[in-house]
Amino acid sequence: MSPSNTENAWAEGIGIFAGAALLVVGIFQFLEGVAAAAKDDVFVTTRNYVFEFDLTTWGWIHLVFGIVVAIIGGAILAGQKWALVAGIVVAVVSALMNFVWLPYYPAWAILIIAFDVAVIWALSTMLGSRRH
């Protein structure tokens, strides 16, 4: 059974959304990393947080991870099939990283987690539509 033109259009649209969203998440992660690595006194730190790390280290982790996420987002937009699964993996890792980052910059972390959830949904939907 061949997918209809409508199903193909939806799958393509979802793929474009997922690639663009990952590109945005990667840029957000990169900027978050630059802010933390360059001037970590911008962030408010909480006492006795379970996942307490040095902010400069966190900054470099976010900076490098942001570049990787943006590259995978670009690969999805370029139509690379490997990037669909890689996109889900980096979106899950990004959501977990930003959960740990919550006490340092809650609004930014929640925004990125929301983008990550949308990307996971979009890529999962796209992978599911390709199997039929």
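Where a number appears in this text, it was derived from the coordinates with a stated rule and is not lab data. This is a predicted model, so every value here is computed, not measured. Please note: Cβ atoms are built from the backbone with ideal geometry, for glycine as well, and neighbour counts cover all protein chains shown.
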- Ordering of 84-94, 19-29 by packing [mean C-beta count within 10 Å, highest first]: 19-29, 84-94
- Item | Extension gain, S124 back to T6 (0.36 nm per residue minus Cα-Cα distance, nm) | 40.7 nm
